[in-house]
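Student: I'd like to ask some things about the structure below.
Nothing in this text is a laboratory measurement; each read-out follows from the coordinates by a stated rule. Predicted model only: the values in this text are computed from it and were never measured. All Cβ positions, even for glycine, are placed from backbone atoms using ideal geometry, and neighbour counts span all protein chains on display.
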Amino acid sequence: MLICLMTTVAVKAQFEKEKIFIGASMSGLGMTYNGSEKGTFGIKATGGYFVMDDIMLQGQWEYNKQKDVPAYVSCGVGARYYIIQNGLYLGATANYIHAGDYYDDFRPTVQVGYAYFLSKTVTVEPSIYYSHSFKNHSDYSTIGFSLGVGVYL
């Protein structure tokens with residue numbers, strides 16, 4: 001019981017006001033679905049700042065390579081809310097997608113994830129997300145799974 005209490009206190013301390021978050025994640029690898037992608041691999045870099053306890057504002061950059069269409073670059077801003085103190089969070093971002101001359105798109109994304117602490121500051125963060133395309137809903141809206149690593153400073 002003492003170990004559970006100590007773990008809860010250590011995790012709570014990471015979601016406090018003025019903490020900084022740095023993260024990287026991978027998506028795709030056959031774990032996403034939309035109407036146009038036959039295979040995809042994406043990497044994402046994320047930085048965030050806790051403006052108040054349990055609420056983080058974040059910025060992100062992503063590179064995504066798809067099998068039959070050009071790769072795209074994405075940048076976005078968003079927020080996370082840690083709904084319970086063990087690391088479960090809800091997130092939302094607004095992303096601008098640029099795929100060269102092929103297409104541009106705006107995709108709001110929502111996600112549910114979990115920050116599993118490996119140490120006091122390092123996490124593994126699996127998440128499920130849905131990204132809605134305004135360019136072409138049936139081809140580019142995506143549901144998927146991503147796996148990330150985060151550092152809370």
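Student: In whole Hz and in residue order, list the ³J(HN,Hα) couplings for the stretch 137-149 that follow from phi through the Karplus curve 6.51 cos²θ - 1.76 cosθ + 1.60, θ = phi - 60°; x for Gly and Pro.
Tutor: 4, 5, 8, 10, 5, 9, 10, x, 10, 10, 10, x, 10
Student: Put one equal scatterer on each alpha carbon of the stretch 63-124, apply the Debye formula with no solvent term, and list log10 I(q)/I(0) at q = 0.14, 0.18, 0.19, 0.20 1/Å to two decimals.
Tutor: Cα-only, vacuum Debye calculation for the stretch 63-124: -0.57, -0.77, -0.80, -0.83.
Student: Once amide H atoms are built 1.01 Å from N in the peptide plane, which residues 5 or more positions from SER141, or in another chain, come under 5 Å H to H?
Tutor: Amide H to amide H, under 5 Å and 5 or more residues apart or across chains, SER141 pairs with GLY35, SER133.
Student: Taking the Cβ-Cβ separation of ASP53 and ASP104 as r and a Förster radius of 41 Å, what is the calculated FRET efficiency to the nearest 0.05?
Tutor: 0.65
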